[in-house]
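Engineer: The structure is given below, and queries will be raised subsequently.
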Amino acid sequence: MFQTQKDRIESLSSVAMLPAQEALAILPGKFPGKTIFSTSFSWEDQVITHLIAAQKSEIKLFTLDTGRLFEETLYVWNRTREQYDVEITAYHPDHILLESFISEKGPNSFYESVENRKACCYIRKVEPLQRAIAGNELWITGLRAEHSPNRHDLPQIEWDENNNIIKYHPLLHWTTEELKAFIHSNGVPYNTLHDKGFVSIGCAPCTRAIREGEDFRAGRWWWEESANKECGLHTHS
């Protein structure tokens, strides 16, 4: 008898609640060859990469090269490959979609309207992500409850209806201070923009350092008025 998605998630919940390193050793075995991890080389993702590499897991790593990443992000990408000897598959925007969008709207039209910004995010991030996770069954992410109010009550493991895949968030309940301590004590390469007040790092034109007292996500698409700002990679009702 086939399990419902709810039953399947419930059967994995006890494993997902284990410490991250233990769960990352067990869960991929339940989805052989179909477990994938998306990294943007953030604090969270660097910790997860370290844990994956330490146990030589068969989890597949990928990143979204939007074409507008910071030089510091590209540098830590290269350092990560060298230090951990891992293959990180790069997914790029569909050149036809991107060329058409830029020709019609201009290279920085995302500043002009939320509609344009979301269209840019879709072309540079969402569509490549859909290609990256297609055919896989378990998607590991670096989402944390501290990131934004709509992530505060996320379950550790969940069914992503939009992408038709199970998502696991191993560091969901880690604090930023715990991440920093782990990175420094284990010599994990990290994006030096974090040392300059950049907390959530995306595309260069769309990311700034946050000011004292500002929300974690305040540096992303800071010109938009909405407090609930997402690019579309992770959507929750």
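The values are calculated or read from the model by the stated rules, or taken from the named source; none is laboratory data. This structure is a prediction, so every number in the text was calculated from the model and none was measured. All Cβ positions, glycine included, derive from the backbone under ideal geometry; neighbour counts span all protein chains shown.
Engineer: Working only within the stretch 54-111, note down all residues that are aromatic (Phe, Trp, Tyr) and out of contact with any Cys (no Cβ under 6 Å at 6 or more places or on another chain). Even if it seems obvious, please write down each step before you answer.
Structural biologist: Here is the first cut: in the stretch 54-111, the residues aromatic (Phe, Trp, Tyr) are 62, 70, 75, 77, 84, 91, 101, 110-111.
Listed by number, the residues that qualify are Phe62, Phe70, Tyr75, Trp77, Tyr84, Tyr91, Phe101, Tyr111.
Engineer: Specify the residue that is farthest from Glu178 (Cα to Cα); the eligible residues are those in the stretch 44-80 that are under 15 Å from the mean Cα position of the chain (by Cα) and among the aromatic types (Phe, Trp, Tyr).
Structural biologist: This residue is Phe62.
Engineer: Also, I was wondering about something else. Restricting the stretch 201-220 to residues that are in a loop (DSSP other than H, G, I, E, B) and among the small types (Gly, Ala, Ser), which is nearest to Thr73 (Cα to Cα)? Spell out the reasoning first.
Structural biologist: Initially, the stretch 201-220 is screened for residues in a loop (DSSP other than H, G, I, E, B), giving 201-202, 208-219.
Subset that is among the small types (Gly, Ala, Ser): 202, 209, 213, 218-219.
Numbers: Gly202: 9, Ala209: 15, Gly213: 25, Ala218: 19, Gly219: 16 Å.
Among those residues, the one meeting the criterion is Gly202.
Engineer: Then there's this: Under 8 Å between Cβ atoms, which residue pairs at least 6 apart in sequence (or on different chains) link something in the stretch 63-85 that is acidic (Asp, Glu) with a partner that is assigned to a strand (DSSP E or B) and surrounded by fewer than 20 Cβ atoms within 10 Å (Cβ to Cβ)?
Structural biologist: These pairs meet every condition: Asp65/Ala90; Asp65/Tyr91.
Engineer: Here's another thing I want to ask about it. Can you tell me which residue in the stretch 101-155 is nearest to Trp223 (Cα to Cα), limited to those that are part of a helix (DSSP H, G or I) and of a type in the set (Phe, Trp, Tyr)?
Structural biologist: Step by step, filter the stretch 101-155, then rank; the result is Tyr111.
Engineer: Related question: When you check Gly232 against the structure, is it modelled with pLDDT under 90, surrounded by fewer than 19 Cβ atoms within 10 Å (Cβ to Cβ), within 15 Å of the chain's Cα centre (by Cα) and assigned to a loop (DSSP other than H, G, I, E, B), yes or no? So that I can check it myself, show each step before the final result.
Structural biologist: On the way: modelled with pLDDT under 90: yes; surrounded by fewer than 19 Cβ atoms within 10 Å (Cβ to Cβ): yes; within 15 Å of the chain's Cα centre (by Cα): yes; assigned to a loop (DSSP other than H, G, I, E, B): yes.
Yes: the conditions hold for Gly232.
Results for (1) hydrophobic (A, V, I, L, M, F, W, C); (2) modelled with pLDDT of 90 or more; (3) closer than 20 Å to Ile165 by Cα; (4) in contact with a His (Cβ under 9 Å, 6 or more places away or on another chain), shown as yes or no for each residue.
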position: Gln3; (1), (2), (3), (4): no, no, yes, no
position: Met17; (1), (2), (3), (4): yes, yes, yes, no
position: Glu22; (1), (2), (3), (4): no, yes, no, no
position: Ile36; (1), (2), (3), (4): yes, yes, yes, no
position: His50; (1), (2), (3), (4): no, yes, no, no
position: Ala54; (1), (2), (3), (4): yes, yes, no, no
position: Glu58; (1), (2), (3), (4): no, no, yes, no
position: Leu64; (1), (2), (3), (4): yes, yes, yes, yes
position: Leu69; (1), (2), (3), (4): yes, yes, no, no
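Engineer: Still on this structure, please answer the following. For the stretch 156-198, give me the residue count where each residue is surrounded by 13 or more Cβ atoms within 10 Å (Cβ to Cβ), in contact with a helix residue (DSSP H, G or I) (Cβ under 8 Å, 6 or more places away or on another chain) and free of Cβ contacts under 8 Å to residues at least 60 places away in the same chain.
Structural biologist: 4
Engineer: So in the stretch 95-109, with the set limited to residues that are of a type in the set (D, E, K, R) and surrounded by fewer than 14 Cβ atoms within 10 Å (Cβ to Cβ), which one is farthest from the chain's Cα centre (by Cα)? Step through it out loud before you land on a result.
Structural biologist: At the first step, the residues of the stretch 95-109 found to be of a type in the set (D, E, K, R) are 99, 104-105.
Within this subset, residues satisfying the condition of being surrounded by fewer than 14 Cβ atoms within 10 Å (Cβ to Cβ) are 99, 104.
Working: Glu99: 25, Glu104: 29 Å.
Going through the qualifying residues, I end up with Glu104.
Engineer: Name the residue, out of Arg144, Arg217, Arg211, Arg151, that is basic (Lys, Arg), touching a helix residue (DSSP H, G or I) at 6+ places or on another chain (Cβ under 7 Å), at pLDDT below 90 and more than 22 Å from Lys6 (Cβ to Cβ).
Structural biologist: Details: Arg144 fails: at pLDDT below 90; Arg211 fails: touching a helix residue (DSSP H, G or I) at 6+ places or on another chain (Cβ under 7 Å); Arg151 fails: more than 22 Å from Lys6 (Cβ to Cβ).
Just one listed residue meets the conditions, Arg217.
Engineer: Those residues that are surrounded by fewer than 22 Cβ atoms within 10 Å (Cβ to Cβ), among the acidic types (Asp, Glu) and assigned to a helix (DSSP H, G or I), I need them from the stretch 19-77; list them, please.
Structural biologist: Glu22, Glu71, Glu72
Engineer: Further question on the same structure: Would you check if Ala119 is under 24 Å from Gly29 (Cβ atoms) and without any contact (Cβ under 8 Å) to a residue 60 or more places away in the chain? Spell out the reasoning first.
Structural biologist: Numbers: under 24 Å from Gly29 (Cβ atoms): no; without any contact (Cβ under 8 Å) to a residue 60 or more places away in the chain: yes.
The answer is no for Ala119.
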